[in-house]
Amino acid sequence: MSDTKILVGGEWKLGSGKLIRSINPANGELITEFKGASLEDVDIAVAAGKRAMYDPTWYHLKSFKRAAILSNIARLIHRDVDKLAALQTLDTGKCLSETKALVQSAAETFQYTAAALEIQEGELPPSRGDFFTMSVYEPMGVIGAITPWNSPIASDAQKLAPALAAGNAVIIKPAEWASLVSLALAEICMEAGLPKGLLSVLPGSGSVIGDKLVRHPDVKKISFTGGTSTGRLIAGIAADKLMPVSLELGGKSPTIVFEDADVEHAINGILYGIFSSTGQSCIAGSRLFIAAKIYDSFVDKLVARCKALNVGLPNDSSTQVAPLVSFQHRDVVANYVEIAKKEGAKVLCGGELLQGQPYDDGAFYPPTILSGLSNNTQTCQEEIFGPVLVVLPFDNEQDLIQQANDSVFGLACGLWTQDYKKALNFSQKIAAGTVWINTYKQFSIATQFGGVKESGLGREKGRNSILGYMQQKSLYWGLNQEPLSWADPRSK
Ligand code: NAD
């Protein structure tokens with residue numbers, strides 16, 4: 001058992017909850033095992049968060065001073081980029097280049113949010129009577145931030161930065177498979193001057209610790225990123241509590257290659273869109289529709305390029321496809337490919353476990369391309385969350401729209417065409433929170449992100465993200481020279 005401590009209500013302590021075993025998926029070795037939070041820890045963290053949040057030293061802290069703490073956090077994340085990236089790579093198996101980018105994105109999120117907070121203003125609507133009115137924004141209370149394992153530090157930052165900027169206390173419930181970097185981020189927040197008690201990090205199981213957090217009467221909002229079935233469960237509990245939630249959920253995003261697409265650009269974008277992060281990405285472009293006239297030649301080139309991708313150890317700078325997060329998840333992905341074969345899929349590449357070293361020891365799965373399936377198969381309808389791409393030809397654009405939208409999800413879409421009118425037209429007809437045109441999987445903290453349909457509720461990022469963690473209050477200031485007439489005896 002390691003001495004890894006968890007942060008509960010401002011105190012670092014050994015957990016007394018469920019045993020968490022962090023396994024390096026690249027070789028199956030145990031990194032550390034430690035006890036996570038207990039149910040009692042949730043109560044302690046919420047009570048401490050509430051106290052710290054209403055403490056005048058935080059509640060009345062001028063927003064530019066809160067912004068200075070966020071900037072400090074950004075600076076310290078930059079300082080520790082190598083350490084934080086290495087930790088995530090060890091815990092999740094993601095390529096070092098990817099985990100570095102995630103750490104940088106977390107730092108940018110804090111920096112951007114600090115800047116947005118400095119210039120945030122209330123509103124003074126024009127007067128419509130003997131009064132003037134103000135809209136002010138206040139913190140909500142204790143916020144529960146529940147995050148998945150696939151981009152841990154970036155997901156934590158996207159919730160933590162705006163929720164703290166808004167003046168709230170935050171309790172992070174990280175995923176069991178990737179708790180270590182959330183604890184490291186909490187250490188940085190404390191070093192940066194965040195008052196004690198405002199932040200807790202409670203590793204533990206979702207159905208126990210996460211569930212208790214969602215149901216806690218003093219938790220006033222849940223910001224969740226994860227699978228759609230978990231999101232639906234949380235939304236149900238929130239409905240009973242009449243508590244706001246924001247939900248960033250799963251996807252099964254279509255990518256469309258039109259006849260006039262720049263083939264080289266499209267192939268690069270498609271490979272990156274599905275196989276980077278080993279396909280463990282909510283916005284992975286997992287259904288690829290290709291114009292029938294170019295289908296055969298395009299698929300030949302795509303498959304050849306896919307076969308040349310470098311599957312290897314996450315610390316190796318030449319690796320493009322690293323292991324999956326766990327052996328358990330690798331088996332889920334492999335099982336999906338077996339289902340696809342039963343559904344009649346032709347395996348164009350991948351589709352079998354790789355043999356030899358380092359593959360025998362790690363949770364590897366090769367980039368896989370499948371054809372011969374229709375869009376209504378289980379393989380095309382369910383999120384696999386792994387390196388599996390299905391290619392489908394289309395020759396009728398009306399039918400294409402119908403198929404691309406025939407999914408319970410609506411997270412993202414990619415369009416490859418040189419015809420800007422066609423791109424605009426399709427971007428309007430596709431049900432998705434993000435549409436990439438002649439690019440894919442590019443992000444900006446300044447641009448909002450979220451899904452439609454079963455891919456989510458609410459948006460993260462952008463300068464309005466802070467308002468997502470605030471409640472608006474209206475103030476009316478009377479300017480009457482005379483008493484209000486209704487009850488005034490002189491007006492009878
Ligand atoms: P998950 O839903 O299993 O778990 C996510 C988090 O919820 C974890 O911390 C987990 O412990 C917790 N949890 C599980 N059950 C819970 C419960 N009953 N109550 C409260 N909390 C609970 O998802 P995952 O496997 O960790 O992540 C993969 C999923 O996340 C994929 O579906 C992916 O598409 C989605 N995702 C979405 C986005 C987005 O921005 N839309 C980003 C990343 C990942």
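The values are calculated or read from the model by the stated rules, or taken from the named source; none is laboratory data. Treat the numbers as computed from the prediction; the structure is a model and nothing was measured. No Cβ is skipped: glycine too gets one built from the backbone with ideal geometry, and neighbour counts run over all protein chains shown. Accessible surface areas use protein heavy atoms only, side chains included; no ligands, DNA or RNA. Shrake-Rupley method; radii C 1.70, N 1.55, O 1.52, S 1.80 Å.
For trypsin sites (Lys or Arg not before Pro), the sites in the range 1-90 that DSSP calls loop and that have at most 11 other Cβ atoms within 10 Å are Lys62. Per residue, the chain exposes 43 Å² of solvent-accessible protein surface, assessed with a 1.4 angstrom probe and all protein chains in place. Projecting label points 7 angstrom from Cα along Cα→Cβ for Gln442 and Lys241 puts them 3.9 nm apart.
What the pair-distance distribution of the range 1-140 shows, using all Cα-Cα distances binned every 10 Å from zero, is 10, 22, 31, 22, 8, 4, 1, 0 percent.
Multiplying each eigenvalue of the alpha-carbon gyration tensor of the range 409-454 by 5 and taking the square root yields semi-axes of 18, 14, 8 Å, largest first, rounded to whole angstroms. For Lys422, neighbours were defined as the other residues whose beta-carbon sits under 12 Å from its Cβ, and their charges (Lys and Arg +1, Asp and Glu -1) total -2.
At a Förster radius of 30 Å, what calculated FRET efficiency corresponds to the Cβ-Cβ distance of Thr32 and Arg232, to the nearest 0.05? The pair Thr32/Arg232 has a calculated efficiency of 0.35. Over the range 335-477, the pair-distance histogram of Cα-Cα distances with 5 Å bins from zero comes to 2, 8, 13, 16, 16, 15, 11, 8, 6, 3, 1, 1, 1, 0, 0, 0 percent, rounded to whole numbers. With a cut-off of 17 Å on the backbone N, no residue of the range 42-85 is near the modelled label site 7 Å out from Asp3 along Cα-Cβ.
Hey, any idea what % of the range 254-437's accessible area is carbon plus sulfur with a 1.4 Å probe? Provide the component values of the computation, followed by the final result.
Details: 3660 of 7530 Å².
Ligands and nucleic acids excluded, carbon and sulfur reach 49 percent.
When the C-alpha to C-alpha distance is required to be over 18 Å, the pairs from Lys83/Lys196; Lys5/Lys196; Lys62/Lys159 that qualify are Lys83/Lys196; Lys62/Lys159.
Write down the Å³ per residue value for the convex hull defined by the alpha carbon atoms of the range 197-293.
Details: hull volume 14.3 nm³, N = 97.
Hull volume normalised by residue count: 148 Å³.
Using a probe of 1.4 Å, the accessible surface attributed to Glu264 totals some 100 Å² when neighbouring protein chains are kept in position.
Once all protein chains are placed together, Tyr336 keeps about 40 Å² accessible to a 1.4 angstrom probe. For the residues Thr439, Thr434, a 1.4 Å probe over the protein chains yields an accessible-area ranking, largest first, of Thr439, Thr434.
Local charge sum around Cys380 (other residues, Cβ-Cβ under 11 Å, Lys/Arg +1, Asp/Glu -1)?
Values: positive: Lys252, Arg287; negative: Glu343, Glu382, Glu383, Asp406.
Around Cys380, the charge tally is -2.
Taking the square roots of five times each eigenvalue of the Cα gyration tensor of the range 151-231, the equivalent ellipsoid has semi-axes of 20, 15, 12 Å, listed largest first.
Calculate what fraction, in whole %, of the accessible area of the range 12-152 sits on carbon and sulfur atoms when a 1.4 Å probe is rolled over the protein chains.
Values: 3720 of 6630 Å².
Looking at the range 12-152 in its full context, I get 56 percent from C and S.
For the range 254-437, what D do you get in µm² per second when you plug the Kirkwood radius from alpha-carbon pairs into Stokes-Einstein at 37 °C and 0.692 mPa s?
Details: Rh = 16.6 Å.
Rounded to a whole number, D works out at 198 µm²/s.
Each peptide among 447-453, 424-430 gets the average number of other Cβ atoms lying within 10 Å of its residues, and from highest to lowest they stand as 447-453, 424-430. Counted by Cβ distance under 14 Å from Leu84, the other residues give a net charge of -3, where Lys and Arg count +1 and Asp and Glu count -1.
Computed with every protein chain present, the accessible area of Glu454 is close to 60 Å² [probe 1.4 Å].
Computed over the Cα atoms of the chain, what is the convex hull's projected area averaged over all directions, in nm²?
Numbers: hull surface 109.3 nm².
Mean projected area of the Cα convex hull: 27.3 nm².
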